[in-house]
Amino acid sequence: MRVKCPGCGAELEILSQERTVKCDFCGRSFLYDPKGLVLTEVILPVIEKGVAEKVLGEKVETRYYPFYRFSKGERTVYVPGHDEPALRSFIPQGDRVSPEFPLPPPEKGLEEAQSLSGMKEFDSCLIVYSPFYLSSSGILMDGVTGRMFYEKVDEKREDTREHYAFLGLGVLTLVVPFPFNLITIPFYFLWRRIWRS
């Protein structure tokens, strides 16, 4: 398949199995999507890996997470290319350059990312890879600002009071003689219904 480079206009030959393409003429890197070529850029880390290891107190792994950047006029929206709940509201910052090393394609395709952005039309789209350091305990550290994130955040955190109530109910049913413990179970569900409303 032959396509035009969005950077310099040169014709590029793309093999059907290729997802990432580098222009031989201008040196820019692109991600191939059925909707077209998307420019890819990488943010250079400001914080060195050794500094991140000292701050986190353990060995770290360098990871680059992709973010789609959609622009229309003065409006710009970033959409994470991977499902990392902790990074949903993250906005990549830093100096961007064309990548000199292979980067994995985003899990989300261009169409899905555009849908999540809420933009029906856009003037430009590019994928920005932002550097992070991942510790073995699951903490992500932004390689530019040093901001800390947890790699996976459980969005459905249950209220701990409900767990204590259920534990209390279990203890109560063991302590109270058999005919009376049948009263405690409906009481728990009534309490739960009132608490959640």
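The values are calculated or read from the model by the stated rules, or taken from the named source; none is laboratory data. Just so it is clear, the model here is predicted, and its values are computed rather than measured. We place every Cβ from the backbone using ideal geometry, glycine too, and count neighbours over all the protein chains shown.
Observations, loosely collected:
- Of the residues contained in the stretch 42-55, none is found to be under 21 Å from residue 121 (Cα atoms), within 19 Å of the chain's Cα centre (by Cα) and assigned by TED's automatic domain parsing to the domain that holds residue 104.
- The set of residues in the stretch 97-134 that are among the small types (Gly, Ala, Ser) and either assigned to a loop (DSSP other than H, G, I, E, B) or surrounded by fewer than 20 Cβ atoms within 10 Å (Cβ to Cβ) (or both) comprises 98, 109, 115, 117, 118, 124.
- The stretch 72-91 residues that are within 15 Å of residue 113 (Cα to Cα) and among the basic types (Lys, Arg), paired with ones that are part of a loop (DSSP other than H, G, I, E, B) and at pLDDT 90 or above (beta carbon under 8 Å, 6 or more apart): none
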